[in-house]
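Structure first, commentary second.
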Amino acid sequence: MLPPRLPESLVDDEPAPLAEEVVWEGLRVTGDHNGVEAAYVELIECLLVDMQLTAARLDRPEMRDCRLERVEASGALLAEARLRRVEMIGCRLSGVDLGAARFVDVRFVDCRLDEVNLRMTKGERVEFEGCDLRGAELNEAELPGTRFLDCDLSGAQLAKADLRGGSIVGSTIDELRGVQQLRGVTIDPMQVIPLGVRLLDELGVIVDDGDDAAS
């Protein structure tokens, strides 16, 4: 996985407001941008720190060589985003819509991503580490090789997802839906029993110890 390529020095000046086709390049950005609406925004070699983007709507945004630290973007609409060499650390992305996004060399660390929409997302070299992904929707996502390390995937949906070659290690998978899509995914020994229970449930297998029949 390739990390973001940030310049040695970043500009701290107030950037242009987020608007149609605005480009931010080489900037260190913070501040309140809650509820902003724009399309085709482009962020290149930027560091976003303690930035507020709650309920923002950015149609088809593009981020390249960016790092986001402690960004609050709950409820943001970022459908069809294009992210390349992007790292998000300690961000709150609850309920964010990243449907049909494209990820290349993207890493999420200690992020809150509960109820995130990753439906039909495609990616290469994607990692989630220490993330809250409870209730996440990954239906029809194409994310082969993706790694989930120490994440909470409780109630996540995987219908028709492609995660082959990836791994789910040290993670919580209670009530995970669509476990049949984990073909070719590496798990750790601690996950065998809960995963087996979910698989039997989805296959409609009934486990009966025979006590009722004997009585």
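Projected onto planes of every orientation and averaged, the convex hull of the alpha-carbon atoms in the stretch 1-74 covers 4.8 nm². The residues of the stretch 63-109 expose, per residue, 31 Å² of accessible area to a 1.4 Å probe. Taking every DSSP helix (H) stretch of at least 4 residues in the chain, weighting each as -39,500 (n - 2.57) and dividing the sum by the residue count yields a mean residue ellipticity at 222 nm of -2000 deg cm²/dmol.
When only alpha carbons are used to place a centre, the stretch 8-48 and the stretch 50-112 end up 13 Å from one another. Fully extending the segment from residue 70 to residue 150, taken as 0.36 nm per residue of separation minus the present Cα-Cα distance, adds 26.9 nm.
Just order 88-95, 13-20, 126-133 by mean Cβ neighbour count inside 10 Å, highest at the front, would you?
Descending packing order for the listed peptides: 126-133, 88-95, 13-20.
Here the extension length gained between residue 160 and residue 37 equals 41.1 nm, from 0.36 nm per residue of separation less the Cα-Cα distance.
Highest mean packing comes first when the peptides 112-118, 155-161 are listed by Cβ atoms within 10 Å, giving 112-118, 155-161. Surface composition of the stretch 81-138: carbon and sulfur atoms hold 40% of the protein heavy-atom accessible area at a 1.4 Å probe. Projected label points at residue 60 and residue 14, each 7 Å from Cα along the beta carbon direction, are separated by 3.1 nanometres. The slack between residue 186 and residue 1, meaning 0.36 nm per residue of separation minus the straight C-alpha distance, is 64.8 nm.
Convex hull volume of the Cα atoms of the stretch 98-163, normalised per residue: 60 Å³.
The values are calculated or read from the model by the stated rules, or taken from the named source; none is laboratory data. Please read these numbers as outputs of a predicted model, since none were measured by experiment. Cβ: placed from backbone, ideal geometry, glycine included. Neighbour counts: every protein chain shown. Remember, those area values only see protein heavy atoms, side chains included, never the ligands or the DNA or RNA. Shrake-Rupley method; radii C 1.70, N 1.55, O 1.52, S 1.80 Å.
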